Each structure stands twice: as C-alpha cells, then as structure tokens.
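Notes follow the structure.
The values are calculated or read from the model by the stated rules, or taken from the named source; none is laboratory data. Because the structure is a prediction, the values reported are computed rather than measured. Glycine also receives a Cβ, built like all others from the backbone with ideal geometry; neighbour counts cover every protein chain displayed.
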C-alpha cells in the first residue's frame, strides 16, 4: 500500500501532523476520509476554513495556509498498532520536512506522536516549550472517530485556540 502523500507548501501558518494515516485514508488517497473522523468538521467550525472541506478535496487546505503530514508514514487501523521504534525512526525526516517547508506552527493531533518523538512522559495540551527547526509546536486533541474522549465542542475550542495563536 502506498503511503498517503503530504499536503504541504512553504511557509504555511499551520502544518497539522497526524500520528499516522488510517488504512481507510491510505486506500482512498485522501486525508481524514473516514466518515467518523471529525478533522474537517472541526477545522471548519473552529474558523480555519470558511466552508467544510470534503476529504476528496483535501488539497484545498493549502488555500487556507494549512498543510497535512504524519509523524509515521505507515498506515494502520489504529495508531496503537505502531511501535516506538517507528516514531524514533521518523523524527529526523519530520525535522527535515519542517526545516525545508518552514511552517509557523506544527500542530500534533494528539499526544502520542509528540510524546514518542520528543521522549516526553507528560504532555500538556496547547503550545509546547520545544520547537522543531524554528517552528512553534502545539498539541491539540486527536479528532479521530476512535478518540471519543473529547466532545465536538471541546475539539472546536482547542482548534480555535490554535487558529487564534496562528494569527489567522
């Protein structure tokens, strides 16, 4: 199976960094394509986009100075299927990508990827004290349909805070 391609450009306001692609996204070739994933809805409701983007139009996120990547390229059914070594092996590539494209903010979708990449035992939500190649780092809740620890309203609030911090 082909890895899901990044949607990225130079000097974006926010580069959203998922843990890894879902199998359904990799099969469809579009980010956050599962009907249960709330990413596109949350992005719209928090003010990043003026209308709801459909997964098949995921490339249009670039029109709003946002992009998409993943900490680990290997698609899985669940992020918990990844091994710690996969995160460690991907850190250098992610840092190089950030150095090359120079986004203002890298926003990790959920704590696991950030915690594994930066070997943090405890991670708080919001802006982090570390940077990646000069880019601010944020951690926002994962909008996956498998993560029901956050209501839609809580997700929207967290993403709105990120949007406001990004200057958008």
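Brief remarks follow.
- For region 136-156, the criterion of being modelled with pLDDT under 95, touching a helix residue (DSSP H, G or I) at 6+ places or on another chain (Cβ under 7 Å), crowded, with 18+ Cβ neighbours inside 10 Å and under 17 Å from residue 38 (Cα atoms) is met by at least one residue.
- Qualifying residue in region 81-90 (condition: closer than 25 Å to residue 13 by Cα, touching a strand residue (DSSP E or B) at 6+ places or on another chain (Cβ under 9 Å) and either in contact (Cβ under 8 Å) with a residue 60 or more places away in the chain or in a helix (DSSP H, G or I) (or both)): yes
- Hey, residue 120 without any contact (Cβ under 8 Å) to a residue 60 or more places away in the chain, surrounded by fewer than 20 Cβ atoms within 10 Å (Cβ to Cβ), closer than 21 Å to residue 168 by Cα and touching a helix residue (DSSP H, G or I) at 6+ places or on another chain (Cβ under 8 Å) or not: no
- Scan region 8-31 for residues that are touching a residue at least 60 places away in the same chain (Cβ under 8 Å), surrounded by 18 or more Cβ atoms within 10 Å (Cβ to Cβ) and out of contact with any strand residue (DSSP E or B) (no Cβ under 8 Å at 6 or more places or on another chain) and the total you get is 0.
- Residue tally, condition assigned to a loop (DSSP other than H, G, I, E, B), exposed (fewer than 14 other Cβ atoms within 10 Å of the Cβ) and at pLDDT 90 or above, over region 55-80: 0
- Summed over region 81-104, residues that are surrounded by fewer than 21 Cβ atoms within 10 Å (Cβ to Cβ) and touching a helix residue (DSSP H, G or I) at 6+ places or on another chain (Cβ under 7 Å) total 2.
- Matching residues, region 34-53, being in a loop (DSSP other than H, G, I, E, B), in contact (Cβ under 8 Å) with a residue 24 or more places away in the chain and in contact with a helix residue (DSSP H, G or I) (Cβ under 7 Å, 6 or more places away or on another chain): 34, 38, 46, 47, 48
- Of the residues screened, residue 107 is not one that is crowded, with 16+ Cβ neighbours inside 10 Å and more than 22 Å from residue 34 (Cβ to Cβ).
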